[in-house]
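Let me begin by presenting the structure, written as structure tokens, before commenting on it.
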Amino acid sequence: MNTWLVLRVLRTILLAALPASAHTGAAAMRNGDLYPNVEAYLADRRSEFDQIPDERRRQLEEISAYVRAQADAEHPVRLVFVCTHNSRRSQMAQLWTAAAANVYGLNVLTYSGGTEDTAFNPRAVAAMGRAGFKIEKATDDTNPIYHARMSDDRPAMTCFSKAYDNAPNPKLGFGAVMVCGEADQACPYVEGATGRFSLPFVDPKVSDDTALEEATYDERCAQIAREMLYMMSRVGS
């Protein structure tokens, strides 16, 4: 038996031996089947939960409560992340929430959309790649299709810019999470949503074509990962 398998078996035994109280509050974090770089990145973000301000935690926990209330063993909870162009923040939120749901063993499907469609910005794509995702560009047009993977054992997630009410996004029975102020104001009502939440992030495009560009995208990527991980960790609370 190789070392990796021995460690995984030991970890499973140790988790099973934990008392129930160890799993209350923030859910126990699992390794799952993520790429090691994604797993390590999320472990670092989990250690930063104390950086999340109290008001922001309250907003995140509202979404956690929605996921908890919608949970059904037979049907996944669906979340659609919405920003203006579906180019940066909403795409990052879709991918990181999918990874966070995997970490905590939650049956959650994630989507993203905009009030209009443009393209998944290559700067955001690069930031997700630096964080450990494997992202392949499948088409080479003005609105490219990307296949993003957090694991070789899970299907790739197809990413491209689209309006929030366009396929493959659900039409009914989903939570809409508005991740930019403009989209929040433009869509006070999201048709078909059973929950609507305001969770704006600062747009990293403020640093486009400057010396701070890469650092800004990495910072926003880390914030979104941290907060989506916290949000999923609170579903079991």
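Quick one: would you say ALA69 is part of a loop (DSSP other than H, G, I, E, B) and over 15 Å from the mean Cα position of the chain (by Cα)?
no
Got a sec? Which of ALA183, ALA124 is in contact with a Ser or Thr (Cβ under 6 Å, 6 or more places away or on another chain) and touching a residue at least 40 places away in the same chain (Cβ under 8 Å)?
Being in contact with a Ser or Thr (Cβ under 6 Å, 6 or more places away or on another chain) and touching a residue at least 40 places away in the same chain (Cβ under 8 Å) holds for just one of ALA183, ALA124, which is ALA183.
Can you confirm whether MET178 is in contact with a strand residue (DSSP E or B) (Cβ under 7 Å, 6 or more places away or on another chain) and of a type in the set (A, V, I, L, M, F, W, C)?
So MET178 passes the test.
This table checks each residue for (1) within 20 Å of TRP96 (Cα to Cα); (2) surrounded by 18 or more Cβ atoms within 10 Å (Cβ to Cβ).
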{"position": "VAL179", "(1), (2)": "yes, yes"}
{"position": "GLN185", "(1), (2)": "no, no"}
{"position": "PRO200", "(1), (2)": "yes, no"}
{"position": "ASP208", "(1), (2)": "no, no"}
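Looking at (1) among the charged types (D, E, K, R); (2) closer than 16 Å to SER233 by Cα; (3) free of Cβ contacts under 8 Å to residues at least 60 places away in the same chain, which one does GLU62 not meet, given that it meets all the others?
Failed condition: (3).
Tally the residues that are touching a residue at least 12 places away in the same chain (Cβ under 8 Å) and either assigned to a helix (DSSP H, G or I) or not hydrophobic (A, V, I, L, M, F, W, C) (or both), restricting the search to region 45-59.
8
With respect to the numbered conditions (1) out of contact with any helix residue (DSSP H, G or I) (no Cβ under 7 Å at 6 or more places or on another chain); (2) surrounded by 14 or more Cβ atoms within 10 Å (Cβ to Cβ); (3) within 25 Å of TYR35 (Cβ to Cβ), which one is the sole condition not fulfilled by LYS137?
(2)
Yes/no per residue for (1) assigned to a strand (DSSP E or B); (2) out of contact with any Leu (no Cβ under 8 Å at 6 or more places or on another chain); (3) surrounded by fewer than 16 Cβ atoms within 10 Å (Cβ to Cβ); (4) in contact (Cβ under 8 Å) with a residue 12 or more places away in the chain:
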| residue | (1), (2), (3), (4) |
| --- | --- |
| ALA73 | no, yes, yes, yes |
| PHE81 | yes, yes, no, yes |
| MET92 | no, yes, no, yes |
| ALA100 | no, no, no, yes |
| TYR111 | yes, no, no, yes |
| GLU116 | no, yes, yes, yes |
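Rule-based calculations on the coordinates, nothing more; no lab input. Only a predicted model underlies this, so the values are computations on that prediction, with no experimental measurement involved. Here Cβ is always computed from backbone atoms with ideal geometry, including for glycine, and neighbour counts include all displayed protein chains.
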